[in-house]
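Let me begin by presenting the structure, written as structure tokens, before commenting on it.
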Amino acid sequence: MANDIVTVPDNDSLKTIGWVSYILHLVVAIAAVVPGAQVSILLLLVALLIDFVKRDDAAGTWQASHFSWRIRSVLWAGILYLVTSWLWLLLLVPGWIAWSLISLWFLYRIVKGMVRMNANRPMDA
């Protein structure tokens, strides 16, 4: 056991990765609520991939909750968009309202996460 090397995650590195992911999420979230702004879903997928790949590196740190927070935010928003997509087919205005509310909710979650990460605080469960 004396030869076992225990690696401790670099908090600054994890925080930098967290900021990159949050900023990518933020760009997508702002584009979702600004009429006419279009951003590729590719940015969101890149951010989600970063979170899935680096989540294990953050295990046991206060930053682990941020990785889970971002992943849950994207997954729930995706589910909500899918569940309400039929509104666009039947009634344009309810679809627009539903998707606007989902987009605002997503933006709120990203901003809340950024504020807490800036304060070096974990996310609430």
- Residue by residue through segment 40-67, note down the ones that are hydroxyl-bearing (S, T, Y) and buried (at least 16 other Cβ atoms within 10 Å of the Cβ). T61, S65
- Item | Leading residue by the ranking (surrounded by the most Cβ atoms within 10 Å (Cβ to Cβ)) among those in segment 85-106 that are over 20 Å from L42 (Cβ atoms) and either touching a His at 6+ places or on another chain (Cβ under 6 Å) or modelled with pLDDT of 90 or more (or both) | W105
- Message: Among the listed residues S21, S103, S13, identify the single one that is touching a Lys or Arg at 6+ places or on another chain (Cβ under 7 Å) and assigned to a helix (DSSP H, G or I).
- Response: S21
- Query: Could you list, in sequence order, the residues of segment 31-45 that are in contact (Cβ under 8 Å) with a residue 12 or more places away in the chain and either touching a Ser or Thr at 6+ places or on another chain (Cβ under 9 Å) or among the small types (G, A, S) (or both)?
  - Reply: A32, V33
- Message: Please go through segment 5-25 and give me each residue that is at pLDDT 55 or above and not hydrophobic (A, V, I, L, M, F, W, C), ordered by number.
- Response: P9, D10, N11, D12, S13, K15, T16, G18, S21, Y22, H25
- Message: Condition check: over 22 Å from D12 (Cα atoms), hydrophobic (A, V, I, L, M, F, W, C), free of Cβ contacts under 8 Å to residues at least 40 places away in the same chain and in contact with a Pro (Cβ under 6 Å, 6 or more places away or on another chain). Does L87 satisfy that?
- Response: yes
- Item | Breaking point among (1) under 14 Å from the mean Cα position of the chain (by Cα); (2) of a type outside the set (D, E, K, R); (3) over 18 Å from V28 (Cβ atoms); (4) part of a helix (DSSP H, G or I), for W88 | (1)
- Task: Assess whether L80 counts as being within 13 Å of the chain's Cα centre (by Cα) and either more than 26 Å from K15 (Cβ to Cβ) or in a helix (DSSP H, G or I) (or both).
- Result: no
- Task: List the number of the failed condition for F67; all other conditions in (1) over 11 Å from the mean Cα position of the chain (by Cα); (2) under 26 Å from N11 (Cβ atoms); (3) of a type in the set (F, W, Y) hold.
- Result: (1)
- Out of segment 32-69, which residues are farther than 18 Å from M117 by Cβ and in a loop (DSSP other than H, G, I, E, B)? V34, P35, G36, A37, Q38, V39, S40
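The values are calculated or read from the model by the stated rules, or taken from the named source; none is laboratory data. Model, not experiment: these values are computed from the prediction. In this analysis, Cβ positions are derived from the backbone assuming ideal geometry, glycine residues included, and neighbour counts consider all displayed protein chains.
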